[in-house]
Every structure is written in C-alpha cells, then in structure tokens.
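For reference, the structure is listed below as structure tokens.
The values are calculated or read from the model by the stated rules, or taken from the named source; none is laboratory data. All values reported here derive from a predicted model rather than from experimental measurement. Cβ sites come from the backbone with ideal geometry, for glycine too, and all protein chains shown count toward neighbours. SASA here: full protein model, heavy atoms, side chains in, ligands and nucleic acids out. Shrake-Rupley method; radii C 1.70, N 1.55, O 1.52, S 1.80 Å.
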Amino acid sequence: MKRALKLNAAAVILAHNHPSGVAEPSQADELITTRLRDALALVDIRVLDHLVVGGATVTSFVERGLI
C-alpha cells in the first residue's frame, strides 16, 4: 500500500508465488485479497487482479470470479 501511494497509483495487480508449485488460491489468499482490496479502496486504489504463481502455472483471481 505504501508503494502504491508513493507512486500515486490508481490501481494495482497483486501477485505472489506458491513454493509448493500449486497455483490454486488458498482460503488465506482469498482473505488477504479481500482485506487488501478493502484497504486500498479507502485511498481510491483499485485491485485489478491477484495472480498466484505455482511452477509454470498462473491463476488469476479475476478469471476465477474472485475479484
């Protein structure tokens, strides 16, 4: 959030990796995405997507209808 504010961002795309190699979003991933989306909305920054990378696979929250 600090970085987005410093850069005067209007929107962000979140991304993180799963060292297990499984790109399936966990319940914790969904919870933190919701919390970050809500916190960023307070300062008018949109979350466009959250990508989970596992091995060579990437899962998009937008494509899954989670955002």
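What the table shows:
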{"item": "Filter pass, Pro25 being open to solvent by 60 Å² or more (accessible area, probe 1.4 Å) and outside any helix (DSSP H, G or I)", "result": "no"}
{"item": "All positions within the range 32-62 that are assigned to a loop (DSSP other than H, G, I, E, B) and open to solvent by less than 80 Å² (accessible area, probe 1.4 Å)", "result": "Val43, Ile45, Gly55, Phe61, Val62"}
{"item": "Residue in the range 5-16 that is in contact (Cβ under 8 Å) with a residue 40 or more places away in the chain, open to solvent by 60 Å² or more (accessible area, probe 1.4 Å) and not in a strand (DSSP E or B) present", "result": "yes"}
